[in-house]
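Asks: Encoded as structure tokens, here's the structure I'll be asking about.
Quick note: the coordinates plus some simple rules give every number you see, no bench work behind them. Remember, it's a predicted structure, so these values are computed and weren't measured experimentally. As a convention, Cβ positions derive from the backbone with ideal geometry for all residues, glycine included, and neighbour counts pool all protein chains shown.
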Amino acid sequence: MTATRRAVIAGSVAVTLAAPRLARAAAGAVVVIGAGFGGATAARYLKRLDPAVDVTLVEREASIVTCPFSNAVLGGYETLQGITRSLGGLKAAGVKVVRGEASAIDLQARRVRLADGSRIAYDRLVVSPGIDLNFAGVAGYSEAAAAQMPHAWKAGAQTMLLRQQLEAMPDGGTFIVVPPANPFRCPPGPYERVSLVASYFKAKKPKSKILVLDAKDNFSKQGLFQAAWEAEFPGMIDWIAGKDGGKVESVDPAAMTVKCGFGSQKGDVVNIIPPQRAGAIAQSAALAGDNGWCPVDPMTFASTKATNVHVIGDASIAGAMPKSGSSANAQGKVAAGAILASLAGKPAPTPALNNICYSLVTPDYGISVTDVYQVTKDKGITTTPNAGGLSVRTPTDLGERKLEAAFARGWYRNISADSWG
Ligand SMILES: Cc1cc2nc3c(=O)[nH]c(=O)nc-3n(C[C@H](O)[C@H](O)[C@H](O)COP(=O)(O)OP(=O)(O)OC[C@H]3O[C@@H](n4cnc5c(N)ncnc54)[C@H](O)[C@@H]3O)c2cc1C
């Protein structure tokens, strides 16, 4: 490995960057919006690859409650504190962390305005604001209605509310889960949620039922999830595809009912996961297209709508990559490498990307999907044939599933350390 070619490896995430030589790199000011998986990684790797670069990270929250493992909180297997990451590691790495709301981007003057009126100038900007929930995308649902029918699709208070509702639910009650159409944050997430809540019900409320009313006709790791549901929770989970009437037309939070293709269904606890789009700052800065997501150059994650701006993570349109913490972390490194190269007046390195998504069915039963991606200017980010894959459908014994559950926890520890330090 030479000084200009580094392999940056984070757990299962491997991204190859050609970073400029440190001594020769042109220093510059980079502002990053959002300290989630994407933004934190970009900020940390910018400082790591070139300590001379001035990196300012703007984040509205004091610390980050991660969505990965928030489904384990719903099942009672993890605490909110256990999935909260401090921003102290970023500060220790030399990143200037500013707590605040980025309220506008002046693309001409290259300045980010904060809600308190202050302004931060940049040479390059990284936008990683995650998602906004489109409450209006489900008739009858609203931000206020999330107090009755939580979404819990941003981890924190909503996670705890849904957990409390599940704990208060009587044995024999019905939990309704309404996943959205594609694309959305964490394609296997709703089904991991169903699994870990079923695991909780099996132990504490075995007469309970889970009804999944899906907008889609198929879902991520479907065969693995459904085989596991049959084996672990026989008769407890009913998944209804969109084509079979599962698509929800409207909800009534006061009555705790959900109207789908076969009438009105009443739940004791109802989890609505509304459609999503790139975070608000990406919309207001006109970085997003009509579909709500931000188009980027797949080689660098540079916005195709604004110069000197990179969009990474869930907010970006990243071809075959799913909207995941793994993807956002990998994209943060690609953006960091591309920015340093451009500040040094060099061509951007060629990225190599992969993604792995673990899901827990029970605390001791893990499954995964992994993909390796090819990146070309004309075809964008595409899945490499015959690379990656799913956990075996029929394991020889459950020891393999137990091992994958341990890998999932290892992945979380590694990617947390790699993103936040
Ligand atoms: C239930 C669930 C389970 C999941 N499990 C997994 C998993 O097992 N593995 C996996 O890889 N992924 C998982 N994910 C997906 C993962 O959480 C996201 O893909 C990931 O967080 C995306 O990173 P990001 O940087 O794009 O956005 P985020 O991590 O959401 O970070 C965005 C940050 O920007 C901040 N922000 C936004 N706008 C502003 C602004 N204007 N000013 C200041 N700050 C702002 C926000 O406060 C936030 O901290 C899961 C998601 C869910 C919902």
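Asks: What's the total number of residues in region 199-221 that are of a type in the set (Asp, Glu) and either surrounded by fewer than 23 Cβ atoms within 10 Å (Cβ to Cβ) or in a strand (DSSP E or B) (or both)?
Replies: Number of matching residues: 1.
Asks: OK, next. Condition first: out of contact with any Cys (no Cβ under 8 Å at 6 or more places or on another chain) and polar (S, T, N, Q). Now tell me which residues in region 347-379 satisfy that.
Replies: Hits for region 347-379 are THR350, ASN354, ASN355, SER359, THR362, GLN374, THR376.
Asks: Just give me the residues in region 294-324 being outside any strand (DSSP E or B), more than 11 Å from the ligand (Cβ to nearest atom), among the hydrophobic types (A, V, I, L, M, F, W, C) and within 20 Å of the chain's Cα centre (by Cα), in sequence order.
Replies: PHE301, ALA320
Asks: Still on this structure: If you go through region 337-375, how many residues are among the charged types (D, E, K, R) and touching a strand residue (DSSP E or B) at 6+ places or on another chain (Cβ under 6 Å)?
Replies: 1
Asks: Pick from LEU161, LEU196, LEU224: which is within 11 Å of the ligand (Cβ to nearest atom), part of a helix (DSSP H, G or I) and not hydroxyl-bearing (Ser, Thr, Tyr)?
Replies: LEU196
Asks: Among all residue pairs at least 6 apart or on different chains, which show Cβ distances below 7 Å where the first residue, located in region 242-269, is closer than 18 Å to LEU162 by Cβ and the second is assigned to a helix (DSSP H, G or I)?
Replies: Every condition considered, the pairs that remain are PRO253/ALA145; VAL269/GLN165; VAL269/LEU166.
Asks: Listed residues ILE339, ILE356, ILE367; which is more than 13 Å from the chain's Cα centre (by Cα), β-branched (Val, Ile, Thr) and within 12 Å of the ligand (Cβ to nearest atom)?
Replies: Of ILE339, ILE356, ILE367, the one residue that is more than 13 Å from the chain's Cα centre (by Cα), β-branched (Val, Ile, Thr) and within 12 Å of the ligand (Cβ to nearest atom) is ILE367.
Okay, residues lined up against (1) surrounded by fewer than 20 Cβ atoms within 10 Å (Cβ to Cβ); (2) in contact (Cβ under 8 Å) with a residue 24 or more places away in the chain; (3) among the small types (Gly, Ala, Ser); (4) not in a strand (DSSP E or B):
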{"position": "ASN355", "(1), (2), (3), (4)": "no, yes, no, no"}
{"position": "SER359", "(1), (2), (3), (4)": "no, yes, yes, no"}
{"position": "GLY366", "(1), (2), (3), (4)": "no, yes, yes, no"}
{"position": "VAL372", "(1), (2), (3), (4)": "yes, no, no, no"}
{"position": "THR394", "(1), (2), (3), (4)": "yes, yes, no, yes"}
